[in-house]
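What follows is calculated from the coordinates using simple rules that are stated; it is not laboratory data. Just so it is clear, the structure is predicted and the values come from calculations on it, not from any experiment. No Cβ is skipped: glycine too gets one built from the backbone with ideal geometry, and neighbour counts run over all protein chains shown.
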Amino acid sequence: MKRQDIIIEAKKWLGTKWQHQASLKQVACDCVGLVRGVYRELTGIDVDIAIDYPATWHLFKKEERLYAEAKRHMVEITKDEARPGDVLVFGFYDHPASHVGILTSPDAFIHSYQDIGQVIETRLDDAWKKRLRFAFSYPGVLD
């Protein structure tokens with residue numbers, strides 16, 4: 001799977017309605033469902049997430065559950081190593097990481113954002129960079 005293939009597939013999800021724990025292109029997905037769905041579309045492999053993740057778990061727990069699941073299924077890289085096609089993991093305030101997206105260019109990413117209600121492409125501005133906690137590559141990604 002090539003980086004460009006990841007970006008092309010992620011863009012096909014734009015406009016998909018946000019729905020907690022969903023992962024169906026042009027039907028509904030949440031941020032984790034988008035990352036899982038893009039991988040599934042490109043490889044035919046459906047990654048099971050071992051945790052049931054209530055929409056607000058990160059507000060009440062201090063465990064880095066999203067990070068741990070990402071690390072189980074993807075290759076961790078430093079934030080500075082992230083390139084288009086890689087997965088970004090964000091956290092808000094002092095809560096554990098709770099949001100993911102796919103980097104599409106050095107200054108933009110695609111994510112399913114509950115506040116907007118759908119999959120969108122967003123500028124990776126200073127506010128988002130401040131929230132960026134971790135970065136991962138899909139397994140087997142090629143340049």
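Screening the chain for whole DSSP H helices with an alpha carbon extent of at least 15 angstrom along the helix axis and a mean Kyte-Doolittle hydropathy of at least -0.5 yields 31-43. Given their separation in residues at 0.36 nm each and the Cα-Cα distance between them, Asp107 and Ile45 gain 19.4 nm when the chain is fully extended. Within region 3-137, the percentage of alpha carbon pairs spaced more than 25 angstrom apart rounds to 15%. Here is the tail figure for region 64-141: Cα pairs spaced more than 17 Å apart come to 40 percent of all pairs. Can you compute 3J(HN,Hα) from phi for each residue in region 125-142, using the Karplus curve 6.51 cos²θ - 1.76 cosθ + 1.60 with θ = phi - 60°, rounded to whole Hz and x for Gly and Pro? Listing the rounded values in order: 8, 4, 4, 5, 4, 5, 8, 5, 10, 9, 9, 9, 10, 4, x, x, 5, 10 Hz.
Label separation (Val27 vs Phe92): 2.7 nm, computed from points 7 Å beyond Cα along the C-beta direction.
Calculated mean residue ellipticity at 222 nm for the chain: -7500 deg cm²/dmol, from DSSP H runs with n ≥ 4 weighted as -39500 (n - 2.57), summed, divided by the residue count and rounded to 500. Here r is the Cβ-Cβ distance between Glu76 and Lys130 and R0 is 25 Å; the resulting FRET efficiency, rounded to 0.05, is 0.80.
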